[in-house]
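The values are calculated or read from the model by the stated rules, or taken from the named source; none is laboratory data. These figures come from a predicted structure and were not determined experimentally. Cβ: placed from backbone, ideal geometry, glycine included. Neighbour counts: every protein chain shown. The accessibility values were calculated without ligands, DNA or RNA, using every heavy atom of the protein model including side chains. Shrake-Rupley method; radii C 1.70, N 1.55, O 1.52, S 1.80 Å.
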Amino acid sequence: MDAPPAGRGGPLLLSCTAGSVWITREGEPDDVVLEAGASYGGEGRGLLVVEALEPAQIAVAAGEAKRTVRAAMERGRAALAKARGSWLVLLSLAALYLIWGSTYLAVSIALETMPPFLLAGVRFVTAGALLYGALRLRGVPRPTLRQWGAAARVGVLLLVFGNGLVVVSQQWVSSGVAAVVVSTMPLWLALFSTARGARAAGAPEVSRGEWIGLLVGFAGAALLHVGGDLHAAHVGALLIVLAPVSWALGSLYSRSLPLPEGPMAVAAEMLAAGPVMLAISALTGEHLAAPPSARSLLALGYMTVFGSIVALSAYTFLLRNTRPAIATSYAYVNPIVAIALGILLGGERASATTWAAAAIVGAGVIIISKSR
């Protein structure tokens, strides 16, 4: 290009396809040198002068600059949304690891002066009402009748049986032992998912790694039941074995049922499960022998706000936005947190068998996660 073209106009995209060119524009303080493969876009107006520094070729596309800027902005927004999603996943995992790991100790403290189903019922009715009220004030629509039915089914599986049986069993077993038993939940979830997929046409076969993970995990659970602290506990403590089974079923069905969107699903599940727990409490004759202690009430408040509203919302978010292996990864972190807090703050003891069972179950869960 021998002569410097000049032009006036609006949006454009100028591309240098060979050589190099010098660009200056009226009203802009700095000049621009374009090498081959580079582009110049502008929205401003004014005299534009392009001069070849060596034999060069350029392509000018008027009107493309606006679309280029818009595309760049869209890419920026997408990157910000992805980063925000990553932070939400990390914060949700941290909530599950730390909060749910500490609620086992909180349950033990609350049980000192409160019966189990009354404790759990008050917890979920209060948490559900608080969350539901806050969401309605923000303009979130109330669940439909169909969504209430789905929330009731999931709430009964997750909370009445999944959580309620854990609370009942912690009358006789330590918080660490309870956490180890509950940590088998991903194994049950993998087993149920495999059985469900086997009935579907064209479902992939179960890998050898998945079978190894299941066998290793259940071997750890068997060690706890046969030779560990659970074996020596009250017969009622064996109800805890059913808790992770029920939680796995609830987690599996929650992915396909027509639940309300976002945190409203958590609120509806708690409002559906809480009254059921209070009814069980009344039918079994639970009552307060004396007013709950301040220590128990503080533990109940912690479980209501953090264990129910914060952590359960985080779990629901992870179930709907990540792979099940990520959402259920709390299962092999919670036992370590629960055992450590039980020893440091609760005066509990953990036998070598309990630690070994926790390690074996965690290894099984990790093997399954890697295999999937």
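Looking at segment 263-279, which of the residues that are within 28 Å of Gly346 (Cβ to Cβ) and either open to solvent by less than 20 Å² (accessible area, probe 1.4 Å) or modelled with pLDDT under 95 (or both) is nearest to the chain's Cα centre (by Cα)? Full working, then the answer.
If we filter segment 263-279 for residues that are within 28 Å of Gly346 (Cβ to Cβ), which is where we start, we get 266, 270, 273-274, 277-278.
Cutting the leftovers down to either open to solvent by less than 20 Å² (accessible area, probe 1.4 Å) or modelled with pLDDT under 95 (or both) gives us 266, 270, 273-274, 277.
Values: Val266: 13, Met270: 17, Ala273: 21, Gly274: 22, Met277: 25 Å.
Once the filter is applied, the top-ranked residue is Val266.
Under 7 Å between Cβ atoms, at least 6 apart or on separate chains: pull out the pairs that start in segment 298-309 with a residue that is farther than 13 Å from Leu96 by Cα and end on any residue that is part of a helix (DSSP H, G or I) and among the polar types (S, T, N, Q).
What qualifies is Thr304/Thr126.
For segment 286-298, indicate whether the set of residues that are buried (at least 17 other Cβ atoms within 10 Å of the Cβ) and either more than 30 Å from Arg142 (Cα to Cα) or at pLDDT below 85 (or both) is non-empty. Don't jump to the end; show me each part of the working.
So in segment 286-298, the residues buried (at least 17 other Cβ atoms within 10 Å of the Cβ) come out as 292, 296.
Filter once more, so that each one left must be either more than 30 Å from Arg142 (Cα to Cα) or at pLDDT below 85 (or both): 292, 296.
Yes, segment 286-298 contains at least one residue that is buried (at least 17 other Cβ atoms within 10 Å of the Cβ) and either more than 30 Å from Arg142 (Cα to Cα) or at pLDDT below 85 (or both).
Check segment 162-174 and report whether any residue there is more than 22 Å from Ser313 (Cα to Cα), among the hydrophobic types (A, V, I, L, M, F, W, C) and assigned to a loop (DSSP other than H, G, I, E, B).
Yes, segment 162-174 contains at least one residue that is more than 22 Å from Ser313 (Cα to Cα), among the hydrophobic types (A, V, I, L, M, F, W, C) and assigned to a loop (DSSP other than H, G, I, E, B).
For residues in segment 126-150 being part of a helix (DSSP H, G or I) and of a type in the set (S, T, N, Q), which is farthest from Leu249 (Cα to Cα)?
Only one residue fits best here, namely Thr126.
For Ser246, are the conditions met, namely being under 23 Å from Gly162 (Cβ atoms), modelled with pLDDT of 75 or more, of a type in the set (S, T, N, Q) and loosely packed, with under 14 Cβ neighbours inside 10 Å?
no
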